[in-house]
Amino acid sequence: MTDTPSPLPLQDAAARARILAAVRFDMRGLVPAIAQQHDTGEVLMMAWMNEAALDETLATARACYYSRSRGGLWRKGETSGQHQEVRDLRLDCDGDTILLLVHQHGVACHTGRRSCFYLAPREGELSEIMAPLISPERLYGA
């Protein structure tokens, strides 16, 4: 086994179809996707993908997710400019979770933090362990 970088973007539709067929989407047609900074291992966020989002991500090497609240595709950074360049993609042993190794441009969290995982138990309470790097107002407008 070799650990060579993936050939993203993957323009071959048949190759993308083979990858999509290996994914075990849930009964809603979704699969969890974890975004991790490719060079540091920092876990940035978790979101959902449907088949169309995963296919677009494979084809473009830009992270595309499925927004359950909006009921449609969510191209990361489309409104904020804080996009994710996908360097590699991994599928877990059960085929039901995706790991995206990304280069995060800007912050990953809509709160303006580098990571969505900024709450941790401290002295019996959940505490913010990471300050925003940019205000949500600057990211998305007032």
(message) If you take every residue apart from residue 47 with its C-beta less than 11 Å away from the C-beta of residue 47, what net charge results, scoring Lys and Arg +1 and Asp and Glu -1?
(response) +2
(message) If I fit a long axis through the Cα atoms of helix 51-60 and take the longest principal axis of the Cα atoms of the chain, what angle between them do I get, 0 to 90°, rounded to 10?
(response) 90 degrees
(request) Sort out for me the Cα centre separation of region 53-68 from region 8-40, rounded to whole Å. (result) 8 Å
(message) Using a probe radius of 1.4 Å on heavy atoms only, what accessible surface per residue do you get for the chain? Whole Å² is fine.
(response) 58 Å²
(request) Heavy atoms only, probe 1.4 Å: what % of the accessible area of the chain goes to carbon and sulfur, would you let me know? (result) 54 percent
(request) List the longest stretch of the chain that has no exposed loop site; here a site is one of the trypsin sites (Lys or Arg not before Pro) assigned by DSSP to anything other than H, G, I, E or B, with at most 16 other Cβ within 10 Å. (result) 71-142
(message) Under the rule of at least 5 residues apart or a separate chain, name every residue whose amide H is placed under 5 Å from the amide H of residue 44.
(response) 35, 36, 37
(message) Can you show me the helix-derived [θ] at 222 nm for the chain, built from DSSP H runs with n ≥ 4 at -39,500 (n - 2.57) apiece and divided by the number of residues, rounded to the nearest 500.
(response) -5000 deg cm²/dmol
(request) Relative to the compact-globule scaling 2.2 N^0.38 Å, provide the ratio for the alpha-carbon radius of gyration of region 18-142. (result) 1.09
(request) Please work out whether region 6-47 counts as rounded, prolate or oblate from its C-alpha gyration tensor, where a ≥ b ≥ c are the square roots of the eigenvalues and a/c under 1.5 means rounded, while otherwise a/b larger than b/c means prolate and anything else oblate? (result) oblate
(message) Please give me, ordered by residue number, the GluC sites (Glu not before Pro) of region 41-142 that lie in loop per DSSP and have at most 15 other Cβ atoms within 10 Å.
(response) 42, 78, 123
(message) By the 4.7 Å beta carbon criterion, which cysteine residues of the chain come out unpaired?
(response) 64, 93
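The values are calculated or read from the model by the stated rules, or taken from the named source; none is laboratory data. This structure is a prediction, so every number in the text was calculated from the model and none was measured. For neighbour counting, all protein chains shown are included, and Cβ atoms are generated from backbone atoms with ideal geometry for every residue, glycine included. Calculation scope for accessible area: heavy atoms of the full protein, side chains included, ligands and nucleic acids excluded. Shrake-Rupley method; radii C 1.70, N 1.55, O 1.52, S 1.80 Å.
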